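Reviewing the structure listed below.
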Amino acid sequence: MVYSYTQISRYLRCPRSYRYRYLDGWTEKNTKASMIFGRCFETALAAYFRGDDCTQTLFKEWGSYRDAALEYGNGDSWDKLVHQGVHLLEMFARDNRIGIPGPQKNLQLKMSRKLSGNSEFVGYIDAIGNVDGERFLIDWKTTTSRYSDSPDGLLALDPQLICYSWLTGIHDVALVVFVRKRMPEIQYLKATISEGQCEEFGRLVSETVNQIEAGRFLPHSGIRFPINGCTTCAHLELCLGTQPLIDSKLIRQPGSSDLDWLDQFEE
Ligand code: SF4
């Protein structure tokens, strides 16, 4: 078995949702404009570091979705997203705080780590490079609202960054957040993940994999604040048994052991 951060975090959020996705094959139809735009934006960022025209790349990538039937968030449109994207790319170039030496090998790095038995944990790291002249593991995010940056040190509790630190052995991590709001903003957030946090994450992965391989998929349902995961769960309709919504929102793929890396673009 091959595991990823997305799989482990889905299991921890709700084991039943994990079973729907990875064992039964129920996936969301990939029509969220924000998620697809995030992927196009990251392709444009890669072009920037290769020295290519990143604005042109963004237009080309996002342009192929111009007439697609995508679900846009409140007040969003194809034009608005591309406008925000260009603005953010220009800001990023002006800030000039990130350097990626050898972009061919230091962007979208596949890393893996052996687990017990025949299992393996695999992750794709957005970048390893310099932030303000110092070496960091870097994760990009596109989002519509700022990340919380207080109290100091909060970012060191981000489970995805802890996971990547555990996977790579790099303890200095940075999150570069491209905030798509009326006045676009880029946050450069840094943290140091301790060795102890990495060890604990490794234990969390082992325990979670043991639960999965033992077939334990009891639901962690929740509809009351602050545990209201069901209201944003991709599999809500399966739990409620509402067939018309299942048909409109989900598709069922046979097998389904593939890794849904794109979940990582969730806002
Ligand atoms: S709707 Fe709730 S109980 Fe059902 S899979 Fe989603 S999170 Fe779990």
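The values are calculated or read from the model by the stated rules, or taken from the named source; none is laboratory data. Since the model is a prediction, treat every value here as computed from it, not as a measurement. For neighbour counting, all protein chains shown are included, and Cβ atoms are generated from backbone atoms with ideal geometry for every residue, glycine included. All accessible areas refer to the heavy atoms of the entire protein, side chains included, with ligands and DNA or RNA removed. Shrake-Rupley method; radii C 1.70, N 1.55, O 1.52, S 1.80 Å.
Listed here are the residues, each with its yes/no results for (1) farther than 26 Å from Thr208 by Cβ; (2) of a type outside the set (Gly, Ala, Ser).
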position	(1), (2)
Ile8	no, yes
Leu12	no, yes
Tyr18	no, yes
Thr31	yes, yes
Ala47	yes, no
Tyr65	yes, yes
Ala68	yes, no
Leu81	yes, yes
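Considering only residues that are surrounded by 13 or more Cβ atoms within 10 Å (Cβ to Cβ) and either of a type in the set (Asp, Glu) or at positive phi (or both), which ones fall in the stretch 72-95?
Asp76, Glu90
Please determine whether any residue of the stretch 51-64 is in contact (Cβ under 8 Å) with a residue 40 or more places away in the chain and charged (D, E, K, R).
No, there is no match, as no residue in the stretch 51-64 is in contact (Cβ under 8 Å) with a residue 40 or more places away in the chain and charged (D, E, K, R).
Looking only at the stretch 211-239, which residues are basic (Lys, Arg) and farther than 12 Å from Tyr18 by Cα?
The one that is basic (Lys, Arg) and farther than 12 Å from Tyr18 by Cα: Arg224.
For the stretch 1-17, which positions are of a type in the set (A, V, I, L, M), within 18 Å of Pro219 (Cβ to Cβ) and away from the ligand (no atom under 13 Å from the Cβ)?
Selection gives Ile8 alone.
Taking the condition of a type in the set (A, V, I, L, M, F, W, C) and either open to solvent by 70 Å² or more (accessible area, probe 1.4 Å) or at pLDDT 90 or above (or both), does Phe265 pass?
no
Every residue, every condition in (1) at pLDDT 95 or above; (2) in contact with a Phe, Trp or Tyr (Cβ under 6 Å, 6 or more places away or on another chain), yes or no:
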| position | (1), (2) |
| --- | --- |
| Glu28 | no, no |
| Met35 | no, yes |
| Gly38 | yes, yes |
| Asp53 | yes, no |
| Ser64 | yes, no |
| Ser77 | yes, no |
| Glu90 | yes, no |
| Asn106 | yes, no |
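Taking the condition of being open to solvent by 10 Å² or more (accessible area, probe 1.4 Å), within 16 Å of the ligand (Cβ to nearest atom) and of a type in the set (Ser, Thr, Tyr), how many residues in the stretch 18-58 meet it?
Within the stretch 18-58, residues that are open to solvent by 10 Å² or more (accessible area, probe 1.4 Å), within 16 Å of the ligand (Cβ to nearest atom) and of a type in the set (Ser, Thr, Tyr) number 3.
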